[in-house]
Each structure stands twice: as structure tokens, then as C-alpha cells.
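Take a look at the structure below.
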Amino acid sequence: MKKFRDLEKQLSVNGYCIISFDNKREINKLSRMIENKISSLLKIKNFKLSKYHKYVDDEKHQNIQWEIANFFWKNKLHHKAIFGAIDFLKYIFGGDILIQKKPFLRIARPQEKKDNIGFHKDTLYGQSPYELSIHVPMVSLDKKSCLKFVPRSFLLDEKKINFIKNKANIHKRGSKKHKLGFPYNPKSIDIKNKKLDNFPFKFGEAIIFTPALIHGQEINKSNNITRFSFDTRITGLHSPINHDEKSFNGNYDIYSEGPVESLARRYLQKNK
Ligand SMILES: [Fe+2]
């Protein structure tokens, strides 16, 4: 319980906390599964996710990212993959938790600017501050390849934020790229003079953060690690979110149902 209180404090103070999955079996299974899938698509043996950039050109990359994202969504792979964090999620949300139906699969190859969406706040793209995101690397990352976060930036007045032009990475609304998490109207934040936290991620670690926090990556500066990760949104069943207004990536599935919710739901089904 002390561990959870410490994580909760980090989250409340900085807007993010780093968790280490209790059990790394599921995230390990996920990485191997994606590795095998790409290995068969590329028809190469001994393929490693972190070395993905060595085997693809832009066209192959786009096709593979779309194929793997659909495989991910269809099989709800994120449900099991973040199971190592379920106890902490229940601690902060209670037992009734929703999980994003179509999470974002991110692939940032070394030195490829177009694989990244720059620094941003998800609240500027319509996410509710009652949601949290979990960013889960599927490979170990060093300080050059990991995402970066501006601590306490959820406290900034969004009207006073400086933006930079990002014409290079604009995609059509509703396009495959948009569905893969590239905005149609990018709002890239100027992070000059901002403190950036970045940390190497050991495999099996993840970061939980508020969508109001400035985060992102402009370019994966590593020369030899592809950042392979997914991020999924989580919220409480009773959070004040209008689910009817959500589209494609904004929809949710039930992830966990506590005993009171279960009793009430089954009672109400019989007594409509
Ligand atoms: Fe984001």
C-alpha cells in the first residue's frame, strides 16, 4: 500500500508516475507476439522489434503499422498487456474501469521525424482530464529513444501556450494515419525553456499520465533503437465523459467491474 501511496503522490504532484508491472509475463507475451507477426510479414527470422528500422522502407512501414494496429485492436491485446498494473489502477479509480477500445500503436524509427507528433497535450485534442493515459514501451528504451514529459505542465493555462508550426506531419481527418494517432490538425507545443523529464525505460515499465501533461518526442535520437510502444486511455466508469461524442479512437470497453457495480447492473437488468 505504501508503494501505491508513493505512486499516487508522484502522479498528483508531477502529473505522471512510472510503474513497474508486477508480472512481466503478459507484456513479454505481447512483444513476442508482435515480433512473430512482423517476422512473418517481412519473411525474416530472428527479428527483434528494437531493430525494426533495419528492415523497412516508408511504404513497408506504413503497411505494417496499419496491419499490426488492426491485429492489436481486434484481439484487444492491451487488456492483458497492462494487467500487471491492475491493482494500482483499481487503487486510483476504484473497481470500475474503462479501457480505450482502439489504443495507439506507436513506432518511432531512429532519426525519422515523421514518425513522431512532437510535443503536445492530449486535452488540446479533445481528451477529458478525467482520463489517464498509459504509455507502454514494448522494448527497453534509453534516454534518446524514450518519450519526454514536462512535469506539472497540467497546471499551465492552455490559452498562453506557444505553438510551433508543424506542416510536415498533417494528415487527413479519418485517414489511416489519423486513426493511428497522427492528428489532422497538429498543435505542436514550443518547449523552449521548459524542463523535460526523460528516463530510460526498462522492459516492463510504463508511465501513467494525465492527458493535460505536455509530452511527446520530436525525433527518436537513438541510432539503433526503434521505439515500439502503445498507449491506451483509462477512465472510471462514472467519470463525467460524454461517450456519445467520442469517435473511433475515443470509444471505451469495460476493463474491470467492481462488486457494487456488478450487483447493481444485474439487479437493474431484472428490474427495468
Ligand atoms: Fe499524446
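What follows is calculated from the coordinates using simple rules that are stated; it is not laboratory data. Quick caveat, the model's predicted, so the values are computed rather than measured. Every residue, glycine as well, gets a Cβ built from its backbone with ideal geometry; the counts of neighbours run over all protein chains shown.
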Problem - Cβ-based charge dipole, region 2-270, positive-most Cα from 16, 56, 228 - result: 56
Handout entry: Rg over Rh [alpha-carbon atoms, Kirkwood Rh] for the chain
Key = 0.96
Problem - 28 Å Cα-Cα threshold exceeded, pairs from 102/202; 45/172; 2/221 - result: 45/172; 2/221
Fill in the blank from the handout: If the chain between residue 112 and residue 223 were fully extended at 0.36 nm per residue, the gain over the current Cα-Cα distance would be 38.9 nm
Exercise for the section: Before rounding to the nearest 500, sum -39500 (n - 2.57) across all DSSP H runs of length at least 4 in the chain and divide by the residue total; then give [θ] at 222 nm in deg cm²/dmol. Expected result: -8500 deg cm²/dmol
Exercise for the section: Work out the FRET efficiency for residue 3 and residue 40 from their Cβ-Cβ distance, taking R0 = 35 Å, and round it to the nearest 0.05. Expected result: 0.30
Exercise for the section: Just subtract the alpha-carbon distance of residue 59 and residue 155 from 0.36 nm times their residue separation and send over the number in nm, one decimal. Expected result: 30.5 nm
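Report the FRET efficiency, 1/(1 + (r/R0)^6), for residue 257 and residue 202, where r is their Cβ-Cβ distance and R0 is 30 Å, rounded to 0.05. Working shown, then result.
Details: r = 32 Å, r/R0 = 1.05.
Using R0 = 30 Å, I get an efficiency of 0.40.
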Fill in the blank from the handout: Honestly region 89-234 on the Cα gyration tensor test (a ≥ b ≥ c root eigenvalues; a/c under 1.5 rounded, otherwise a/b vs b/c for prolate or oblate) is just rounded
Fill in the blank from the handout: Per the 1/(1 + (r/R0)^6) rule, R0 = 41 Å and r from the Cβ atoms of residue 140 and residue 246, FRET efficiency to 0.05 is 0.80
Exercise for the section: Please name which of 78, 133, 91 has its Cα lying farthest along the dipole of region 64-142 towards the positive end, using unit charges on Cβ (Lys, Arg +1; Asp, Glu -1) and the Cα centre as origin. Expected result: 78
Problem - 18 Å Cα-Cα reach of residue 177 towards aspartates and glutamates, excluding residues that sit fewer than 8 places from it in its own chain - result: 57, 58, 59, 67, 112, 115, 122, 218, 231
Problem - Theoretical gain in end-to-end length, residue 164 to residue 265 [0.36 nm per residue, Cα-Cα removed] - result: 31.6 nm
Handout entry: Charge dipole (region 142-272, unit charges on Cβ, about Cα centre) - positive-most of 259, 175, 199
Key = 175
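Semi-axes of the equivalent ellipsoid for region 1-111, please: Cα gyration tensor eigenvalues, times 5, square-rooted, ordered largest first, whole Å.
32, 15, 14
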Practice task
For the pairs 113/194; 24/80; 165/187; 76/179, note any where the Cα-Cα span goes beyond 18 Å.
Solution key: 113/194
